[in-house]
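The values are calculated or read from the model by the stated rules, or taken from the named source; none is laboratory data. Given the structure is predicted, the values throughout are model-derived calculations rather than measurements. A quick note on method: Cβ atoms are made from the backbone with ideal geometry, for glycine too, and the neighbour counts reach across all protein chains shown. Areas reflect the complete protein model, heavy atoms only, side chains present, ligands, DNA and RNA absent. Shrake-Rupley method; radii C 1.70, N 1.55, O 1.52, S 1.80 Å.
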Amino acid sequence: MVVHCYYCYYLLLFTFINSFCSSKQRDLYDESFSPIVEAVLEGYNGTVFAYGQTGTGKTFTMEGIRNDPVDQGVIPNSFQHIFTHISRSVNKKFLVRSSYLEIYQEEIRDLLSKDHTKKLELKERPDTGVYVKDLSAFVAKSCKEIEHVMNVGNLNRKVGRTDMNEHSSRSHAVFVITVECAEAGLDGNDHIRVGKLNLVDLAGSERQCKTGSTGERFKEATKINLSLSALGNVISSLVSLGVCALGASDCLALLWDRLMERALMCPIETPN
(Lines give C-alpha, C1' and ligand atoms only; values in the text may rest on other atoms or scores of the structure.)
Protein backbone atom coordinates (compact mmCIF):
# COMPACT_ATOMS: atom_id res chain seq x y z
CA MET A 1 0.00 0.00 0.00
CA VAL A 2 1.30 3.46 -0.89
CA VAL A 3 0.10 6.76 0.55
CA HIS A 4 1.10 10.29 -0.41
CA CYS A 5 1.23 13.03 2.18
CA TYR A 6 1.80 16.71 1.52
CA TYR A 7 1.65 19.72 3.82
CA CYS A 8 0.19 23.01 2.58
CA TYR A 9 -0.14 25.93 4.97
CA TYR A 10 -2.53 24.65 7.67
CA LEU A 11 -4.01 21.74 5.79
CA LEU A 12 -2.48 18.29 5.83
CA LEU A 13 -3.77 15.88 3.22
CA PHE A 14 -3.25 12.14 2.99
CA THR A 15 -4.08 10.55 -0.34
CA PHE A 16 -4.31 6.80 -0.81
CA ILE A 17 -2.65 5.99 -4.14
CA ASN A 18 -2.75 2.31 -4.80
CA SER A 19 -2.24 -1.21 -3.56
CA PHE A 20 0.48 -3.10 -5.41
CA CYS A 21 0.50 -6.90 -5.28
CA SER A 22 2.51 -8.40 -8.15
CA SER A 23 3.63 -5.14 -9.76
CA LYS A 24 7.14 -4.57 -11.03
CA GLN A 25 9.45 -2.26 -9.11
CA ARG A 26 9.62 0.16 -12.04
CA ASP A 27 5.84 0.48 -12.19
CA LEU A 28 5.76 1.25 -8.47
CA TYR A 29 8.43 3.92 -8.90
CA ASP A 30 6.84 5.61 -11.92
CA GLU A 31 3.41 5.83 -10.33
CA SER A 32 4.27 6.66 -6.73
CA PHE A 33 7.78 8.02 -6.28
CA SER A 34 8.74 9.78 -9.48
CA PRO A 35 6.60 12.85 -8.58
CA ILE A 36 8.44 13.13 -5.24
CA VAL A 37 11.84 13.22 -6.96
CA GLU A 38 10.55 15.75 -9.52
CA ALA A 39 9.47 18.00 -6.66
CA VAL A 40 12.91 17.71 -5.02
CA LEU A 41 14.50 18.87 -8.29
CA GLU A 42 12.23 21.92 -8.07
CA GLY A 43 13.43 22.80 -4.56
CA TYR A 44 11.10 20.90 -2.23
CA ASN A 45 11.90 18.39 0.50
CA GLY A 46 10.81 14.84 -0.25
CA THR A 47 10.74 11.72 1.90
CA VAL A 48 10.09 8.12 0.94
CA PHE A 49 10.05 5.48 3.64
CA ALA A 50 9.10 1.81 3.89
CA TYR A 51 7.16 0.72 6.95
CA GLY A 52 6.12 -2.76 8.06
CA GLN A 53 6.86 -5.85 10.06
CA THR A 54 10.32 -7.40 9.89
CA GLY A 55 10.88 -9.65 6.89
CA THR A 56 8.10 -8.17 4.71
CA GLY A 57 10.34 -6.71 1.99
CA LYS A 58 11.05 -3.11 3.04
CA THR A 59 14.74 -3.19 2.13
CA PHE A 60 13.94 -4.96 -1.14
CA THR A 61 11.41 -2.26 -2.00
CA MET A 62 13.92 0.49 -1.27
CA GLU A 63 17.00 -1.13 -2.83
CA GLY A 64 15.82 -4.09 -4.92
CA ILE A 65 18.27 -5.86 -7.23
CA ARG A 66 20.97 -3.49 -8.40
CA ASN A 67 21.58 -3.05 -12.15
CA ASP A 68 18.32 -4.81 -12.92
CA PRO A 69 16.03 -2.40 -14.81
CA VAL A 70 12.95 -4.36 -13.74
CA ASP A 71 13.68 -5.19 -10.10
CA GLN A 72 15.91 -2.36 -8.88
CA GLY A 73 14.24 -0.44 -6.08
CA VAL A 74 13.29 3.11 -5.19
CA ILE A 75 16.83 4.23 -4.35
CA PRO A 76 18.67 3.24 -7.56
CA ASN A 77 15.71 4.43 -9.64
CA SER A 78 15.87 7.81 -7.93
CA PHE A 79 19.62 8.02 -8.63
CA GLN A 80 18.99 7.48 -12.34
CA HIS A 81 16.10 9.95 -12.28
CA ILE A 82 18.18 12.74 -10.78
CA PHE A 83 21.23 12.40 -13.00
CA THR A 84 19.16 11.90 -16.16
CA HIS A 85 17.36 15.15 -15.35
CA ILE A 86 20.68 16.93 -14.81
CA SER A 87 22.15 15.63 -18.08
CA ARG A 88 19.17 16.98 -20.02
CA SER A 89 19.07 20.39 -18.33
CA VAL A 90 20.16 23.50 -20.21
CA ASN A 91 21.62 26.70 -18.70
CA LYS A 92 21.51 25.28 -15.20
CA LYS A 93 24.29 24.28 -12.82
CA PHE A 94 23.79 21.47 -10.32
CA LEU A 95 25.53 20.31 -7.17
CA VAL A 96 24.55 16.93 -5.72
CA ARG A 97 25.67 15.89 -2.24
CA SER A 98 24.88 12.69 -0.36
CA SER A 99 24.98 11.60 3.28
CA TYR A 100 24.16 8.26 4.87
CA LEU A 101 23.30 7.67 8.51
CA GLU A 102 21.69 5.04 10.68
CA ILE A 103 19.77 5.29 13.93
CA TYR A 104 20.80 2.30 16.03
CA GLN A 105 19.25 1.96 19.47
CA GLU A 106 18.37 5.67 19.32
CA GLU A 107 21.96 6.64 18.55
CA ILE A 108 22.75 8.45 15.30
CA ARG A 109 25.79 7.12 13.45
CA ASP A 110 27.50 8.27 10.26
CA LEU A 111 27.75 5.25 7.96
CA LEU A 112 30.32 7.04 5.79
CA SER A 113 32.69 7.97 8.61
CA LYS A 114 35.88 6.09 9.42
CA ASP A 115 34.51 5.76 12.95
CA HIS A 116 30.98 4.70 12.04
CA THR A 117 30.19 3.70 15.64
CA LYS A 118 30.62 7.24 17.00
CA LYS A 119 27.42 8.79 18.33
CA LEU A 120 26.44 12.06 16.62
CA GLU A 121 24.29 14.85 18.02
CA LEU A 122 21.08 16.36 16.72
CA LYS A 123 21.15 20.16 16.56
CA GLU A 124 18.75 22.84 15.42
CA ARG A 125 19.27 26.22 13.77
CA PRO A 126 16.61 28.80 12.85
CA ASP A 127 17.80 28.97 9.23
CA THR A 128 18.27 25.25 8.51
CA GLY A 129 16.11 23.49 11.08
CA VAL A 130 17.11 20.11 12.54
CA TYR A 131 20.47 18.74 11.41
CA VAL A 132 23.10 16.20 12.47
CA LYS A 133 26.31 17.78 13.69
CA ASP A 134 29.49 16.55 11.93
CA LEU A 135 27.58 14.35 9.46
CA SER A 136 29.78 13.81 6.42
CA ALA A 137 28.61 14.65 2.89
CA PHE A 138 30.11 13.62 -0.43
CA VAL A 139 29.69 15.30 -3.80
CA ALA A 140 28.48 12.95 -6.54
CA LYS A 141 28.66 13.71 -10.26
CA SER A 142 27.12 10.51 -11.61
CA CYS A 143 24.99 7.49 -10.72
CA LYS A 144 28.13 5.41 -10.38
CA GLU A 145 29.63 7.78 -7.80
CA ILE A 146 26.50 8.04 -5.66
CA GLU A 147 25.98 4.26 -5.80
CA HIS A 148 29.55 3.84 -4.53
CA VAL A 149 28.74 6.13 -1.59
CA MET A 150 25.74 4.02 -0.68
CA ASN A 151 27.60 0.73 -1.06
CA VAL A 152 30.29 1.95 1.36
CA GLY A 153 27.61 2.88 3.90
CA ASN A 154 25.77 -0.43 3.55
CA LEU A 155 28.90 -2.29 4.61
CA ASN A 156 28.75 -0.48 7.97
CA ARG A 157 25.04 -0.88 8.66
CA LYS A 158 23.83 -3.00 11.57
CA VAL A 159 22.16 -6.25 10.50
CA GLY A 160 21.48 -9.48 12.38
CA ARG A 161 19.60 -12.75 12.29
CA THR A 162 16.18 -13.40 13.83
CA ASP A 163 13.74 -16.30 13.49
CA MET A 164 11.80 -14.25 10.92
CA ASN A 165 14.65 -12.79 8.86
CA GLU A 166 18.14 -14.08 8.16
CA HIS A 167 19.43 -10.58 7.41
CA SER A 168 17.27 -8.32 9.55
CA SER A 169 17.98 -4.58 9.58
CA ARG A 170 18.72 -3.63 13.19
CA SER A 171 18.71 0.12 12.56
CA HIS A 172 16.81 2.78 10.66
CA ALA A 173 18.85 3.98 7.68
CA VAL A 174 18.46 7.41 6.05
CA PHE A 175 20.17 8.18 2.76
CA VAL A 176 19.99 11.94 2.12
CA ILE A 177 20.48 13.52 -1.31
CA THR A 178 20.75 17.31 -1.44
CA VAL A 179 20.29 18.85 -4.89
CA GLU A 180 21.29 22.47 -5.45
CA CYS A 181 20.40 24.15 -8.74
CA ALA A 182 21.73 27.53 -9.89
CA GLU A 183 19.89 29.26 -12.71
CA ALA A 184 20.25 32.77 -14.12
CA GLY A 185 17.29 35.00 -13.39
CA LEU A 186 15.90 37.98 -15.28
CA ASP A 187 18.21 40.22 -13.23
CA GLY A 188 21.25 38.42 -14.60
CA ASN A 189 22.19 36.90 -11.25
CA ASP A 190 22.24 33.23 -10.35
CA HIS A 191 19.28 32.12 -8.26
CA ILE A 192 19.76 28.97 -6.20
CA ARG A 193 17.12 26.52 -5.09
CA VAL A 194 17.78 23.55 -2.85
CA GLY A 195 15.82 20.32 -2.57
CA LYS A 196 16.46 17.42 -0.23
CA LEU A 197 15.45 13.81 -0.83
CA ASN A 198 15.34 11.48 2.18
CA LEU A 199 15.27 7.78 1.36
CA VAL A 200 14.46 5.91 4.56
CA ASP A 201 14.69 2.17 5.17
CA LEU A 202 13.04 1.68 8.55
CA ALA A 203 13.81 -1.38 10.62
CA GLY A 204 10.77 -3.61 10.90
CA SER A 205 8.44 -3.78 13.88
CA GLU A 206 8.91 -7.00 15.86
CA ARG A 207 7.14 -9.30 18.28
CA GLN A 208 9.53 -11.18 20.51
CA CYS A 209 7.38 -14.30 20.44
CA LYS A 210 7.82 -14.53 16.66
CA THR A 211 11.40 -13.35 16.21
CA GLY A 212 12.79 -15.31 19.16
CA SER A 213 15.05 -12.39 20.00
CA THR A 214 16.95 -12.41 23.28
CA GLY A 215 19.77 -10.41 24.83
CA GLU A 216 21.13 -7.73 22.48
CA ARG A 217 18.60 -8.59 19.75
CA PHE A 218 15.74 -8.06 22.22
CA LYS A 219 17.20 -4.70 23.27
CA GLU A 220 17.47 -3.66 19.60
CA ALA A 221 13.85 -4.68 18.99
CA THR A 222 12.67 -2.61 21.97
CA LYS A 223 14.35 0.53 20.60
CA ILE A 224 13.08 -0.16 17.08
CA ASN A 225 9.48 -0.49 18.25
CA LEU A 226 9.80 2.64 20.40
CA SER A 227 10.87 4.84 17.50
CA LEU A 228 8.30 3.35 15.12
CA SER A 229 5.59 4.04 17.67
CA ALA A 230 6.79 7.65 18.00
CA LEU A 231 6.74 8.07 14.22
CA GLY A 232 3.19 6.75 14.09
CA ASN A 233 2.17 9.18 16.81
CA VAL A 234 3.58 12.20 14.98
CA ILE A 235 1.73 11.34 11.80
CA SER A 236 -1.48 11.00 13.81
CA SER A 237 -0.74 14.35 15.47
CA LEU A 238 -0.16 16.00 12.11
CA VAL A 239 -3.54 14.80 10.90
CA SER A 240 -5.23 16.43 13.89
CA LEU A 241 -2.74 19.36 13.87
CA GLY A 242 -1.87 18.55 17.43
CA VAL A 243 1.35 18.89 19.43
CA CYS A 244 4.11 16.33 18.84
CA ALA A 245 6.66 15.23 21.41
CA LEU A 246 9.79 15.51 19.27
CA GLY A 247 12.01 14.35 22.11
CA ALA A 248 10.40 10.91 22.06
CA SER A 249 12.75 9.65 19.37
CA ASP A 250 15.83 10.78 17.42
CA CYS A 251 14.28 9.22 14.33
CA LEU A 252 11.22 11.43 14.76
CA ALA A 253 13.18 14.62 15.43
CA LEU A 254 15.43 14.01 12.43
CA LEU A 255 12.51 13.55 10.04
CA TRP A 256 10.38 16.37 11.48
CA ASP A 257 11.30 19.11 9.00
CA ARG A 258 11.00 16.53 6.21
CA LEU A 259 7.35 16.09 7.14
CA MET A 260 6.47 19.74 7.43
CA GLU A 261 6.31 22.83 5.16
CA ARG A 262 7.52 22.57 1.55
CA ALA A 263 7.69 18.84 2.03
CA LEU A 264 6.19 15.82 0.35
CA MET A 265 6.12 12.36 1.88
CA CYS A 266 5.31 8.96 0.46
CA PRO A 267 5.19 6.04 2.92
CA ILE A 268 5.14 2.46 1.65
CA GLU A 269 3.45 -0.11 3.84
CA THR A 270 4.66 -3.69 3.36
CA PRO A 271 1.99 -5.88 4.98
CA ASN A 272 2.76 -9.39 6.16
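Close amide H partners of L112, meaning residues 5 or more places away or on another chain with modelled amide H under 5 Å apart, are Y100. Solvent exposure of the range 13-124, expressed per residue, is 48 Å² of accessible area, with all protein chains present and a 1.4 angstrom probe.
Placing dummy labels 7 Å off each Cα toward the beta-carbon, the span from E38 to K119 is 4.4 nm. Shown in residue order for the range 92-100 are the 3J(HN,Hα) couplings computed by the Karplus curve 6.51 cos²θ - 1.76 cosθ + 1.60 at θ = phi - 60°: 9, 10, 10, 10, 10, 10, 10, 9, 9 Hz (x for Gly and Pro). For the cross-link pairs K58/K123; K144/K196; K123/K158; K141/K196; K24/K144, the ones whose C-alpha atoms lie over 27 Å apart are K58/K123. The modelled label-to-label distance for the pair N154/V130, using points 7 Å beyond Cα in the direction of Cβ, is 2.7 nm. Between R26 and E183, the FRET efficiency from the beta-carbon distance, with R0 = 41 Å, is close to 0.85. Across the range 29-34, rounded Karplus estimates of 3J(HN,Hα) from the backbone phi angles (6.51 cos²θ - 1.76 cosθ + 1.60, θ = phi - 60°) give 5, 4, 7, 10, 10, 4 Hz, Gly and Pro being marked x. Measuring nothing but protein heavy atoms, the accessible surface of the range 43-193 at 1.4 Å probe radius is 49 percent carbon and sulfur.
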